[in-house]
Amino acid sequence: MQGKKSLILGIAVLVLGFVAYLSVFTVHQTQQAVVLQFGELKRVVDEPGLGVKLPWQDIRYQEKRVLNLDPRAETIVLADQRRVTVDAFVRYRIVNPEQFIRVAVNENLLQVKLEPIVNNKLRATLGQVLLTTILSEDRTRLMQQIRNQVNDEVRRSGSNFGIDVLDVRIVRADLLPEVSQNVYARMEAERKRDAAEFRALGQEQFLRITAEADREATVIRAEAQRQSEILRGEGEAERTRILSEAFGQDEGFFEFYRSMQAYEASIRPENSMIVIPPTNDFFNYFNNPAGRPGVR
């Protein structure tokens with residue numbers, strides 16, 4: 001009899017322990033728990049720690065942290081008819097666990113439902129802009145516009161996922177290979193054209209500067225030539241004046257001086273033969289040291 005009581009008590013303890021195990025759950029600080037009863041949502045526990053539920057109730061955990069969605073890359077036709085492959089990612093947070101479970105169920109199904117929405121908004125917005133806009137600072141404004149459009153879509157009453165889209169970003173936007181070749185060829189032609197224009201402009205400036213320098217050099221040489229002629233004329237005039245004064249003061253000395261200059265210019269070691277009569281006035285000072293006319 002005592003053994004049966006011990007057995008019954010042990011079974012009761014096991015049952016109570018199993019019931020207690022089924023009735024207690026733990027919520028991590030990065031999670032929130034949703035209590036379900038036969039598929040019907042009963043309550044949400046978003047405080048970390050131990051929680052209590054009925055044994056037949058289920059628990060589904062959801063992240064409080066920011067989650068990422070990486071949609072597949074899409075080929076988008078831009079406003080200039082260029083086809084680019086756009087790879088984007090989305091960051092979101094679950095803000096309404098009840099609505100999230102009711103509509104999205106879980107993160108995997110959410111990706112299936114959210115990815116087309118994101119790609120449609122990307123296609124609709126980027127299809128109205130040029131590639132240069134996507135590659136410029138205006139891309140931030142475009143991403144904010146796309147994020148707002150995605151939020152508007154996921155918050156609609158019929159498809160409210162219970163999430164808040166925090167950010168939409170473009171990882172890369174690549175032209176298709178055949179388009180890239182055409183773009184590179186056009187860019188190369190434009191750079192060559194710019195280089196030709198720069199060289200032509202440089203050659204034009206070179207010719208202009210050279211012409212101005214030649215003109216200035218001609219003016220400077222002409223001015224120098226004019227000044228030299230003026231100075232030479234003034235020197236000749238001064239020389240003539242001095243000689244005239246000297247001739248007026250002593251005519252004999254002046255004739256002697258001029259004769260000495262003539263001898264120096266005519267009688268040289270390499271050519272000292274002069275064929276003229278010895279009685280010529282040229283040898284006046286050789287035959288007459290006094291140099292007086294008529295005396296030989």
Given the criterion touching a Leu at 6+ places or on another chain (Cβ under 9 Å) and at pLDDT 80 or above, identify the matching residue among GLY202, GLY162, GLY127. GLY127
Odd one out for ALA33, checked against (1) modelled with pLDDT of 70 or more; (2) not in a strand (DSSP E or B): (2)
Might you check whether a residue that is among the acidic types (Asp, Glu) and either exposed (fewer than 13 other Cβ atoms within 10 Å of the Cβ) or in contact with a helix residue (DSSP H, G or I) (Cβ under 8 Å, 6 or more places away or on another chain) (or both) occurs anywhere in the stretch 89-107? no
Yes or no: the stretch 252-270 includes at least one residue that is at pLDDT 85 or above, of a type in the set (Gly, Ala, Ser) and either exposed (fewer than 10 other Cβ atoms within 10 Å of the Cβ) or within 30 Å of THR132 (Cα to Cα) (or both). no
Please pick out the residue among THR140, THR75 that is assigned to a helix (DSSP H, G or I), among the polar types (S, T, N, Q) and surrounded by fewer than 19 Cβ atoms within 10 Å (Cβ to Cβ). THR140
One residue is enough: does the stretch 77-89 have a residue meeting the conditions out of contact with any Phe, Trp or Tyr (no Cβ under 6 Å at 6 or more places or on another chain), under 30 Å from ASP46 (Cα atoms) and either of a type outside the set (Gly, Ala, Ser) or without any contact (Cβ under 8 Å) to a residue 40 or more places away in the chain (or both)? yes
Residue set LEU109, LEU114, LEU142; condition closer than 30 Å to MET187 by Cα and either of a type outside the set (Phe, Trp, Tyr) or not assigned by TED's automatic domain parsing to the domain that holds LEU78 (or both); output residue LEU142
So GLU47, is it modelled with pLDDT under 75, out of contact with any strand residue (DSSP E or B) (no Cβ under 8 Å at 6 or more places or on another chain), acidic (Asp, Glu) and over 23 Å from ASN151 (Cα atoms): no
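The values are calculated or read from the model by the stated rules, or taken from the named source; none is laboratory data. A quick note: this is a predicted structure, and the numbers were derived from the prediction, not measured. We place every Cβ from the backbone using ideal geometry, glycine too, and count neighbours over all the protein chains shown.
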